[in-house]
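What follows is one structure encoded as structure tokens, with my remarks underneath.
Read-outs: derived from the displayed coordinates by stated rules, not from any lab. None of the values given here were measured: they were computed from a predicted structure. Note that each Cβ is placed from the backbone with ideal geometry, even for glycine, and that neighbours are counted across all protein chains shown.
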Amino acid sequence: MQLRYNVRLYPTAGQRQALARAFGCARTVYNDALRARQDAHAAGLPYVSDGNLSKRVITAAKQTPERFWLGEVSAVVLQQALADLNTAYRNFFASITGKRKGPKVAAPRFRSKRDNRQAIRFTRNARFSITAGGRLRLPKVGDVPVRWSRSLPAEPSSVTVVKDAAGRYFASFVVEAGDEPLPETASEVGIDLGLTHFAVLSDGRKIDNPRFLRRAERRLNKAQQALSRKRKGSANRKKAVARVARVHARVADARRDFAHKLSTALIRENQAVYVEDLAVKGLARTKLAKSVHDAGWGRFTAMLAYKAARAGRTFVRIDRWFPSSKLCSACGAPAKSMPLNVRSWECPCGAVHDRDVNAAINILAAGRADRLNACGARVRPGPAPAQRDEAGSLRGAA
């Protein structure tokens, strides 16, 4: 399994200039290549192949007075920029032809120096390395100081240097990590995700919703008001933009840390974890959009999935149309209606239910029924929901 390990970089002033030069060169090569393909398409010419494109926008461009400075950065950075464009085109073509599942992918767009995220990638061909002193040695950049939170489990195959909107630098290592199975346990849990409580477990535990963005709204509003008063193009406006980005970055970091800690605890404690497959995109189009995005259910369930696979645990998503809130977990009888304002209800059989706990218990039961038995057949008869080959989209910021 390939995993990413992110660490914080603290480049010197000279190294920041070298990285800015590399960001700019990679962006220029990407945009030149995209423009060449768009011009060929507009002129009715054949699709420009990857090899011809590399010769035109890198090899030949270095010989011209307008692009001679492309030779000041590592050639691997430029080649990886072209690889990103080729991947974007393949995803676009696969999407419009129906070969790619999930949401439609738009055509590649031009990159801008004002984008919130600037990134370059070094592969093993670039011969990056980690020095004996723990610094990251990058070609034509130097030995960059690193704040290590933990050591890498194996030799990285590539490293991506990222500068975010808050002006922070990160190194993202791609590492081939083996499975780390945990000792088996008899415990299993069903999880009902919500907004009043972030998660309600089938054993009755309720995890409060941290509401990171809501708690930071006062500070964020003040930063955005200060930004709105700054003149466009001024140095003070750039500082105010960075201040707003730092507030968002703190919110995103806190939400990610919370999701990591909770998902790790649940995987360690339980042999099987069952979660309802929520329609997050649909809920994000309602009046609850801000609260839905603030909860970060998609990232949390994605963490549960890959951590369960690595630890040898079972992770199952229950069909989103399963009426977990309406069913009585004692007798199985469905309620006629269940408005959102009803937080507890009594079944005709006499059982009194907490709405969320009852839903979590039903999710646990449905997950157990959907698992395969020893013969490979489904425990619960009936048609299985369609498998999702690809779920989710690109992660956004706070």
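Pairs to check: Lys239/Lys287; Lys104/Lys261; Lys163/Lys222; Lys281/Lys307. Give those whose C-alpha atoms are more than 31 Å from each other in this structure.
Listed pairs above 31 Å: Lys239/Lys287; Lys104/Lys261.
Taking K and R as +1 and D and E as -1, what net charge do the other residues with C-beta under 12 Å from the C-beta of Pro183 add up to?
Net of charged neighbours comes to -1.
Helix 13-42: angle to the longest alpha-carbon principal axis of the chain, degrees 0 to 90, nearest 10?
In the chain, helix 13-42 runs at an angle near 90 degrees to the longest axis.
The chain: longest stretch without exposed chymotrypsin sites (Phe, Trp or Tyr not before Pro) (DSSP loop, at most 16 other Cβ within 10 Å), sites themselves excluded?
149-320
Taking the Cα atoms of the chain alone, what are Rg (to one decimal) and Dmax (as a whole number) in Å?
Cα radius of gyration and Dmax of the chain are 25.2, 84 Å respectively.
Identify the residues of region 85-115 with backbone N under 20 Å of a label point that sits 7 angstrom from the Cα of Ala40 along the Cα-to-Cβ direction, or state none.
It comes to 85-97, 107-111, nothing else.
Filter the trypsin sites (Lys or Arg not before Pro) in region 210-313 to those in DSSP coil with at most 10 other Cβ atoms within 10 Å of their Cβ, and list the result.
Arg229, Arg231, Lys232, Arg285, Lys287
What are the radius of gyration and Dmax of region 188-370, computed over its Cα atoms and given in Å?
Final numbers for Rg and Dmax: 19.9, 69 Å.
Can you put Asp370, Asp115 in order, fewest other beta carbons within 10 Å first? Kindly include the intermediate steps, with their values, before the conclusion.
On the way: Asp370 19, Asp115 13.
With the fewest neighbours first, Asp370, Asp115 line up as Asp115, Asp370.
Efficiency by 1/(1 + (r/R0)^6): what FRET value for Cys349 and Trp321, r their Cβ-Cβ distance, R0 = 35 Å, to the nearest 0.05? Intermediate results must be reported in sequence, preceding the final value.
Numbers: r = 24 Å, r/R0 = 0.69.
With a Förster radius of 35 Å, E is 0.90.
Compute the label zone of Thr264 within region 147-172: residues whose backbone N is under 16 Å from the point 7 Å along Cα-to-Cβ.
Inside the label zone: 148-153.
Over all distinct Cα pairs, what is the inverse of the mean 1/r for region 162-216, reported as the Kirkwood hydrodynamic radius in Å? The partial results should precede the final answer.
Working: mean 1/r = 0.0635 Å⁻¹.
Answer for region 162-216: a Kirkwood hydrodynamic radius of 15.8 Å.
Taking the Cβ of each residue in Val105, Val275 as the centre, tally the other Cβ atoms inside 10 Å and list the residues starting with the fewest.
With the fewest neighbours first, Val105, Val275 line up as Val105, Val275.
For region 203-263 and region 36-93, what is the centre-to-centre distance using only Cα atoms, to the nearest Å?
37
Taking the chain as the reference, fit the longest principal axis to its C-alpha atoms, fit the long axis of helix 235-269 to the helix C-alpha atoms, and give the angle between the two in degrees, 0 to 90, nearest 10.
Helix 235-269 sits at roughly 40 degrees to that axis.
How high is the relative contact order of the chain, in percent, counting Cα pairs under 8 Å that sit 6 or more residues apart?
Here the relative contact order equals 16 percent.
Restricting to region 188-370, compute how many DSSP beta bridges are antiparallel as a %, nearest 5.
Among the beta bridges of region 188-370, antiparallel pairing accounts for roughly 55 percent.
Applying the Karplus parametrisation 6.51 cos²θ - 1.76 cosθ + 1.60 with θ = phi - 60° to the phi angles of region 84-93, what ³J(HN,Hα) value in whole Hz is obtained for each residue in order, glycine and proline being reported as x?
5, 5, 4, 5, 4, 5, 4, 5, 5, 5
For region 118-200, which GluC sites (Glu not before Pro) are in a loop by DSSP, counting at most 10 other Cβ atoms within 10 Å?
Glu184
Residue by residue through region 350-362, what is 3J(HN,Hα) from phi via Karplus (6.51 cos²θ - 1.76 cosθ + 1.60, θ = phi - 60°)? Round to whole Hz and write x for glycine and proline.
x, 6, 9, 10, 7, 3, 6, 5, 4, 5, 5, 5, 5
How charged is the neighbourhood of Arg37? Take every other residue with its Cβ under 15 Å from the Cβ of Arg37, and add Lys/Arg as +1 and Asp/Glu as -1.
With Lys, Arg at +1 and Asp, Glu at -1, the neighbours total +2.
Given H placed on each backbone N at 1.01 Å, which residues far from Met338 in sequence or on other chains put an amide H within less than 5 Å of it?
none
Per-residue HN-Hα couplings for region 144-150, Karplus 6.51 cos²θ - 1.76 cosθ + 1.60 at θ = phi - 60°, whole Hz, x for Gly and Pro?
8, x, 10, 9, 7, 8, 6
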